[in-house]
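The values are calculated or read from the model by the stated rules, or taken from the named source; none is laboratory data. Quantities reported herein were computed from a predicted structural model and do not represent experimental measurements. For neighbour counting, all protein chains shown are included, and Cβ atoms are generated from backbone atoms with ideal geometry for every residue, glycine included.
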Amino acid sequence: MIGSYLKTSTRNLLHNKLFSFINIIGLAISMSVGLLLIAFVLDLHSYDRFHQNGERIYRITSVLTDNREQGRAAGGRAAIGRAAGSKFATTSIKTGKLIREKVSSIDRFADAEVVIMRNDFSQDAKVGDKTLPIKGFWAESSLFRLFTFPMLEGNPATALNDPYSIVLTETAARKLFGNESALGKAIKFDTLAYQVTGVMKDVPFFSHIHFEALVSLSTAEQLNKNDGNFGKWTSIWANYVYLRLPENATIASIQLQLDAIANTENLAEENTKIQLELLPLYETVVGEEFRSAEGGPGSVGPHLSPRVLWILGGLALVVILSACFNYTNLSMARAMRRFKEVGLRKAIGADRSQVWQQFLMEAVMISLAALLLSFFLFLGLRPQLINLAPEMQRMVKLELTPVMVLAFIVFSVTVGVIAGFMPALYFSKVSAIHALRNVSAGNAQRGPAASPAYRLVKAFKHVLLRRALVVVQYTVTLIFITATAVGYVQYKNILAFDLGFNTANILNIKMQGNKPDVLLKKLSEMPEVTALSRSLIVTSVGNAWGGFMRYNDSRDSALVLTNHVDENYLALHEYKLLAGGNFKTRPTTIVAATEVIVNQRVLKRFNIGNGNPEKAIGETITFSNAQGANRKMTIVGVIKDFHYGKVDNLIEPVAFMPWTPENGAIINAKIQSADMLASMASIESEWKKIDPVHPFEAKFFDEEIEEAYSEFSTMIKVIGFLSFLAISIASMGLFGMVVFTTETRLKEISIRKVMGASSGSLVYLLSRGFLALLSLSALIALPVTYLFFENVVLTNFPYHTPVQVAELLVGVLAVMLIAFIMIGSQTMKAAKSNPAQVLKSQ
């Protein structure tokens, strides 16, 4: 029976080459998007699956409530404004120790384990005359018992027990020691010697933790023994705690014990309260988003919000359904030609289920044929997706695996079933009697006695389903295209937005721990470098640094964003000084800095000088840093408000403080050059003389702004690509419908021509129905797109420009032009046909 289905389906597909071609190509294009999404999702869900008992491994996360409006600076950025209930992927070292001591399931069972890690190890390793930067974690030896990271040399049980012990990955060991065994060798970090106690296999790609080295946590404790904050309960900013639960433990029982630990520790804290939660290991990459004290994604390794996956999945589904609509539409359009076939099948004994299976088999065969083509499209699109953004290259590989191939086949069959379901259901209900009496020719039973099947055929034939599918298909297509146009214009407006200062031709050079004086001197001697300044961070790209400011009322305090800059910074960036002047002193330490330049929002927030910049000069404010140290500072200048953060943030109070040698440094160089590449090469050459170890890290300000909105850019590219696919699929479907319509109305066209109708009137007659459907789609799509952007997307950008009519109409005009060309070409062909030949053959 299956063989019969295959033969019949193959014969029918070959007999209707045009419709088969349209369906196969349309499904192949849409399914290639589905294959990319399947591969993407499978890669994301491959993370950390290599760990033994990974389903029992959890990370401890922190829910922080801080009653003070204060930002904590760390790692060059700040977790600004820690609101009640802020969630962090990190926790304190003390948390890990308390879990090990007090959680009964961990204490009692041998297969339970806890590991504490700290993520701020980044130093230059020196071996002989070789120096290489090494990044990794401070960790305990229990890491090798909890995670499956095989050791090649050394004892994993004791490798990280002693201070100044280090375990290298295989690649890091080869870089430092060549082909020699690294075990037992010494590495110098700064002035301290560390002993290599182990060499492990390289960390697999699909691990959310990546490192080149692990250093014993006891080393970090020894180096920070004079830092009172290092081991505190509230010091949650750089530490990760993982635990593996015993087999018989329940999440609820462990959570109760974590709550008890938190409640006890929180009693000693006045302003800060921390609650502990369990995060499954398999949800670290695709799962809840966390805040970070370092301005990063809130977690080590790659991370993607489930919301993004749902959005991508929804967009891919829309494209796939568009191709399925094509199949349904064309199948329904050809329905009248296949009634006799169905009638004969039923007359010789086929029941409804067999007819249903026949048409489903046909749809699945088309889908499998499309899968073969879509696989080659997938291979071509795969590198484009991976190279779409730098994050993609670090997150996925999209390499074929047996599971992925099986998923592709299941997906193809599913698409075939979806595409063929309505036609199969429709044909299975056709009555053999009415089919053999040639319903399609109008000889079927008429009047009140007409059968339900015939009435169903009439309904499908004249109005509902096919027209509705065309409207839905083109509505979605127009939404895609107009969204791409509007999004692109808004993106360009963001990049060109007036931030309140100048960014043109300013090169920001990261000093990476080096003193800036030598490079500054070399740069000042270059004729193409017209101005130089120093700053702690680059603003307006998402970086942030902050502190706690008070004015006259000690009880009134507010978060103020800050940057440490030198006396040349304002002039180089062309900030508008409203009152006062630049810094008058050059302090050598942060504590010695007593001058501050503020923006207008600071005056408004504290009502300094009644908001008058001139009256604010000379006023004293109190500033508290992350450690709570208070400093009295005098306002020496007031600048016009500007965008310290990205343009999706409101303008906030900002203070500029004097740069000191204690601060990290970024050199800001204004460059005027006819050959920018040669100038960059000269600057890089000077950098290598100063620091041959670290790569030259410098970007123009405008490039950094563009990177700051890379997610927005990537989304526009994805939607634009899907728009192209959607319009291609919809156009092929429309072409098929036009071809079928003109074929079935050739006799009518010929009679009209004999009666004197012109070619133009015939084109209008044949195309007006399709153009009316497209116009209806436009009337639905344009308001939906406009309202979506104005009420959903652009509400996150308080300084956006309104959506213009031209942005909305560009998509409609493009679709209408394509549709008119397709409709016009076929209707003109039909209109130019010879009536005598047509009427003779009918």
Restricted to region 740-768 and to residues being in contact (Cβ under 8 Å) with a residue 60 or more places away in the chain and small (G, A, S), the residue surrounded by the fewest Cβ atoms within 10 Å (Cβ to Cβ) is S759
Within region 583-606, does at least one residue satisfy the condition of being under 19 Å from N630 (Cα atoms) and among the charged types (D, E, K, R)?
yes
Within region 520-530, residues part of a strand (DSSP E or B) and surrounded by 19 or more Cβ atoms within 10 Å (Cβ to Cβ) come out as V529
S235 meets each of (1) at pLDDT 90 or above; (2) crowded, with 16+ Cβ neighbours inside 10 Å with one exception, condition (1)
Kindly indicate whether V560 is assigned to a helix (DSSP H, G or I), buried (at least 21 other Cβ atoms within 10 Å of the Cβ), among the hydrophobic types (A, V, I, L, M, F, W, C) and under 35 Å from the mean Cα position of the chain (by Cα).
no
For region 796-809 the number of residues that are surrounded by fewer than 16 Cβ atoms within 10 Å (Cβ to Cβ), in a helix (DSSP H, G or I) and either modelled with pLDDT of 85 or more or over 42 Å from the mean Cα position of the chain (by Cα) (or both) is 3
Residue hits (region 658-680; more than 14 Å from N563 (Cβ to Cβ) and either free of Cβ contacts under 8 Å to residues at least 12 places away in the same chain or in a loop (DSSP other than H, G, I, E, B) (or both)) are P661, E662, Q672, S673, A674, D675, M676, L677, A678
(1) under 28 Å from E595 (Cα atoms); (2) without any contact (Cβ under 8 Å) to a residue 60 or more places away in the chain; (3) not assigned by TED's automatic domain parsing to the domain that holds F606 all hold for I635 apart from (3)
In the set F548, F583, the lone residue that is within 21 Å of A616 (Cβ to Cβ) and in contact with a Leu (Cβ under 7 Å, 6 or more places away or on another chain) is F548
Taking region 111-137 and the residues there that are touching a strand residue (DSSP E or B) at 6+ places or on another chain (Cβ under 8 Å) and among the small types (G, A, S), the one that is surrounded by the most Cβ atoms within 10 Å (Cβ to Cβ) would be G136
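Report yes if F548 is crowded, with 18+ Cβ neighbours inside 10 Å and over 28 Å from L507 (Cβ atoms), otherwise no.
Values: crowded, with 18+ Cβ neighbours inside 10 Å: yes; over 28 Å from L507 (Cβ atoms): yes.
Spelling it out, F548 is indeed crowded, with 18+ Cβ neighbours inside 10 Å and over 28 Å from L507 (Cβ atoms).
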Of all strands (runs of 3 or more DSSP E) fully inside region 171-254, the set with 3 or more residues that are of a type outside the set (A, V, I, L, M, F, W, C) is 192-200, 239-244
Okay, helices (runs of 4 or more DSSP H) sitting entirely in region 352-435 with 3 or more residues that are of a type in the set (A, V, I, L, M), I get 352-386, 402-428
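So which residues in region 191-222 are more than 38 Å from the chain's Cα centre (by Cα) and surrounded by fewer than 18 Cβ atoms within 10 Å (Cβ to Cβ)? Spell out the reasoning first.
To start, the set of residues in region 191-222 that are more than 38 Å from the chain's Cα centre (by Cα) comprises 191-197, 222.
T191, L192, A193, Q195, Q222 - these are the residues of region 191-222 that are more than 38 Å from the chain's Cα centre (by Cα) and surrounded by fewer than 18 Cβ atoms within 10 Å (Cβ to Cβ).
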Just one listed residue, out of R466, R455, R534, is crowded, with 19+ Cβ neighbours inside 10 Å, at pLDDT below 95 and charged (D, E, K, R), and it is R466
Going through region 530-576 in order, the residues found to be charged (D, E, K, R) and touching a residue at least 12 places away in the same chain (Cβ under 8 Å) are R534, R550, D556, D566, E567, E574, K576
Please tell me if N248 is over 19 Å from K97 (Cβ atoms), polar (S, T, N, Q) and out of contact with any strand residue (DSSP E or B) (no Cβ under 9 Å at 6 or more places or on another chain). yes
If we keep only residues of region 626-674 that are buried (at least 18 other Cβ atoms within 10 Å of the Cβ) and within 12 Å of M549 (Cα to Cα), then the residue farthest from the chain's Cα centre (by Cα) is M633
Filtering region 153-176 down to residues that are within 16 Å of E212 (Cα to Cα) and acidic (D, E) yields E153, E170
(request) Assess whether D202 counts as being of a type outside the set (G, A, S), assigned by TED's automatic domain parsing to the domain that holds Y242, out of contact with any Pro (no Cβ under 8 Å at 6 or more places or on another chain) and without any contact (Cβ under 8 Å) to a residue 60 or more places away in the chain. (result) yes
